[in-house]
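Laboratory data are not the source of any read-out in this text; all were calculated from the coordinates shown. Predicted model only: the values in this text are computed from it and were never measured. All Cβ positions, glycine included, derive from the backbone under ideal geometry; neighbour counts span all protein chains shown.
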Amino acid sequence: MTNTFNKFLPLMFGVLTGFVGGIQASNILKKNEQLTPQQILNNIKNSFQNETPVQDSWISVNPIKIRKFALTTDIYQGGISRFEDNQIVRYEFQADAKTGSILNLKRIDL
């Protein structure tokens with residue numbers, strides 16, 4: 001029995017190593033994925049539409065690198081307009097390209 005176990009020990013070690021390596025590779029690849037601009041815009045529009053309907057929206061298709069202090073990140077710039085108090089109000093935003101989180105949101109007064 002010990003002789004049989006010794007034969008399969010390298011095989012079991014190889015399978016276990018491959019399994020753990022596959023999980024790690026999958027996690028690394030998922031970290032590097034970026035959301036598409038359309039996915040980010042849809043998430044932001046859905047958040048705005050919880051209050052009032054969105055009239056118009058846009059987002060840049062190419063990410064822009066910004067640097068704030070020692071950190072550099074890719075962002076998308078975009079905008080949304082909707083009715084508030086019987087008038088159209090515009091907002092501009094900057095969203096992180098990887099997570100879709102809003103980094104900056106400002107109301108544009110016309």
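So if we plug the beta-carbon distance of Asn104 and Gln38 into 1/(1 + (r/R0)^6) with R0 = 22 Å, what FRET efficiency do we get, rounded to 0.05?
Working: r = 20 Å, r/R0 = 0.90.
Computed FRET efficiency for Asn104 and Gln38 comes out at 0.65.
Find the relative contact order for the stretch 45-110 and round it to a whole percent, using C-alpha pairs within less than 8 Å whose residues are 6+ positions apart. The partial results should precede the final answer.
Values: 118 pairs, mean separation 16.3, N = 66.
Relative contact order comes out at 25 percent.
Could you give the Stokes-Einstein D for the stretch 32-110 in µm² per second, using the C-alpha Kirkwood radius, 20 °C, 1.002 mPa s? Numbers along the way, then the final one.
Numbers: Rh = 13.1 Å.
This corresponds to a translational diffusion coefficient of 164 µm²/s.
Over the Cα atoms of the stretch 36-82, each weighted equally, I'd like the Debye log10 I(q)/I(0) at q = 0.14, 0.29 Å⁻¹, rounded to two decimals.
-0.41, -1.01
Which residues does the label zone of Phe48 cover in the stretch 72-93, counting backbone N under 17 Å from a point 7 Å along Cα→Cβ?
76-93
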